[in-house]
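Written out below as structure tokens is the structure these notes cover.
The values are calculated or read from the model by the stated rules, or taken from the named source; none is laboratory data. No experiment lies behind these values; they were computed from the predicted model shown. Cβ placement follows ideal geometry from the backbone for every residue including glycine, while neighbour counts extend to all protein chains displayed. Side chains are part of the model used for accessible areas, which takes the heavy atoms of the whole protein and leaves out ligands, DNA and RNA. Shrake-Rupley method; radii C 1.70, N 1.55, O 1.52, S 1.80 Å.
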Amino acid sequence: MFVEPTGEIRMGTLTAETTNARDSAGDALAKDQAMEQLDDLSTKNKPGKCKKNLKGKILGWTRKIRPKTKPNSDSSPQALTFEEYLKLRRISEAGQQLISLEEKLYRYADGSENQEEALKEEEELKLAYETFTQDLWTTIAAGVTLSGEELKRLASAVRSIEQEEERDKKCLEEKERNGRIPQWRPRECRKELDTVLQKAVEQRMEDILEVMGAENLSSIKQDIFKMGKRVKEDLLSVVMNVKSCYPEGYDICNVYAKLYHIAFSSQLKKITEFGLGQEDCTYVLGWVHNYYQNDILKHRDLEKEIDGKSLGSLLPEDVIKQLESQYVSSRESEIKQWLSKAVGNEVTKWMEGEIPEQMDGFYNSEIAIDVIQSIVGAVKEAKEMLDEEFGNMMHVVMWALQELLERYKKTLEDFIKDKEKHKNCAAVIKANMFNCKQFRDYIEKTNDTFEAEDKEKCLSVLSGLEDTGYRYLADLMHLPLKPYYKVLITQEWLTSSKPVMDNILHLAEKHIQEFRKMKPCCFQELLKRLHFEVIAEYSKRIMKKKIKLKSEQQQTAMAEKICDDNRKIQELFTRYESKEDWLHDVLPKVAEVIKLQDPSMIVLETATLVRDYPDISEKHLSALLHIKANLPSKDVKSIKKVLQMKKEDLNSCHSAKSFFTLVPVR
């Protein structure tokens, strides 16, 4: 049974006293007011039947019934009519009047003496609902465009939905009891809300005028940019304004987010169906993987209100994969062109005889900087544009880098071969060694970007390139020293008072001074190699079997000479801050074997030598013992056994430095 409302029902159209006799003056006043109100609302009413009927129907039931008050006495404000509430955008109050009248009308419908009048009033109520509904959904649809005081209208509209839902519930309960229900019930406004919002969002995404910031973009990029901007601005409006007008249970922020996501996704998919050029393809991927996720869903004001993860991707997986494959294929050729251009410009300068510029006193080349910047840019963009295909893109980048390094290495090798034609060769190589250092640092430090196998291939090529450059520079020093090296560990060297080692180190220092025009890290790398090679060259001379000493005094003198030369070598390289301190002990340990006479002591010293330098071979040991002409063959055999006895231990020794492997013995 419907509950009777308290007090009089104030409406501009229907009242509880409609069936009573009307005062003629009151009728005239009500008619005039209804016509004025109809004119005010005509622009908002539905076209067609509703508008036409209202103008005729409304006159028969528009009448203000206000409370009677005593003259000159205080009274509460007069109640407003249905039309007045709508005109003031107080939608919930207007809706409540209709609900109250509906309850009154259906309460007495069966007992009405004038059934024709009751049917007429029911039709008029239905038309009033149509007017109310249009205003309600127009307000709801415009939600994201409202702000300030306008939000009161939206909040009122939302309250009306709640009222209508409650009325539906009561009517359905009443239907179970007596089988009667108004023909427009249930109105199901909550379901209609989803439809209205969906259509409103779709309309918002289709009707977008020109926006700032898209002037220089292609037509496809402009369309995507405008839609993205609309999504962001409207969702911010939802969070900042619309949210406060809805009950928490509506989860209105996520409702809107899903609708805008679907609309944006639908439009974006249509764009991709016709095929995209490379620039547009990249732009679409940028929105799918980067801008939409980071600039919109993870916006500081939206992230806390919207569950972005539940929305999924803007495009289906198969479409994304197709776009990503197109991106990778196109970028592969572009990256190769960038890298080739970076090297080509520098090579042209070398071939024309240009000497590399010096920066802070060091020869400088921009090849590594240009190449690495191109790679970093490609990787950064790929991270923003790709998902499934990112790994393949990184393979492409490393293959391109490996190919570049191989061409770079070949170019330097050819340049060095024709060094007689290129007076700038030494300066060019010095400058390019720092490029190698930069390449190596970049590859080794990018742990999570590239596959280990790809990195190893690049580093292998780079090692060959470095060896080519440093070998050329080292030869600049060693070649002039060859005549002096030949004198070492000979009778002339042992008996002459000529300062052979002094001459060697004097010339070596001149070249070392020139090498200081390299970047400090490259200079230290070259100095390390030079230090090693001088000690290795000296050791090679010992193993040449050019000298054979029978007396203890001669062997002692030779050992002391070796130690004296070693001290001078150490002083030179220490002066230039060589870090290869372990090389200082090689020659003294060899000299100690030459100096000792007691076979048992020689065995012990040999064991020490083998322990510290496990790569020493039997050939090395035989050449060393060859100098000791007074050593019986049986003792030589005993000493060599040390090498065999220690073989198993040596195989497990990984910490010892490798040295004698690079000292050839005939």
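At a glance:
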| read-out | value |
| --- | --- |
| Check on residue 216, open to solvent by less than 80 Å² (accessible area, probe 1.4 Å) and either polar (S, T, N, Q) or touching a Cys at 6+ places or on another chain (Cβ under 8 Å) (or both) | no |
| Unique match (being of a type in the set (Val, Ile, Thr), in a helix (DSSP H, G or I) and more than 27 Å from residue 158 (Cα to Cα)) among 220, 262 | 220 |
| Residues of the range 617-641 that turn out to be under 60 Å from the mean Cα position of the chain (by Cα) and either in a helix (DSSP H, G or I) or among the aromatic types (Phe, Trp, Tyr) (or both), as a count | 4 |
| Hey, residue 239 in contact with a Lys or Arg (Cβ under 9 Å, 6 or more places away or on another chain) and either among the aliphatic types (A, V, I, L, M) or crowded, with 16+ Cβ neighbours inside 10 Å (or both) or not | yes |
| For residue 294: the one exception among (1) open to solvent by 40 Å² or more (accessible area, probe 1.4 Å); (2) in contact (Cβ under 8 Å) with a residue 24 or more places away in the chain | (2) |
| Subset of the range 542-559 [open to solvent by 10 Å² or more (accessible area, probe 1.4 Å), farther than 25 Å from residue 662 by Cα and not in a helix (DSSP H, G or I)] | 550, 551 |
| Condition broken by residue 243, with the remaining ones in (1) among the basic types (Lys, Arg); (2) in contact with a His (Cβ under 8 Å, 6 or more places away or on another chain); (3) closer than 22 Å to residue 194 by Cβ satisfied | (2) |
| Matching helices (runs of 4 or more DSSP H) fully within the range 422-497 where at least 3 residues are under 23 Å from residue 349 (Cα atoms) | 425-445, 452-485 |
| The range 278-289: number of residues that are open to solvent by 40 Å² or more (accessible area, probe 1.4 Å) and small (Gly, Ala, Ser) | 0 |
| Looking only at the range 563-604, and only at residues there that are of a type in the set (A, V, I, L, M) and under 60 Å from the mean Cα position of the chain (by Cα), the one that is surrounded by the most Cβ atoms within 10 Å (Cβ to Cβ) | 590 |
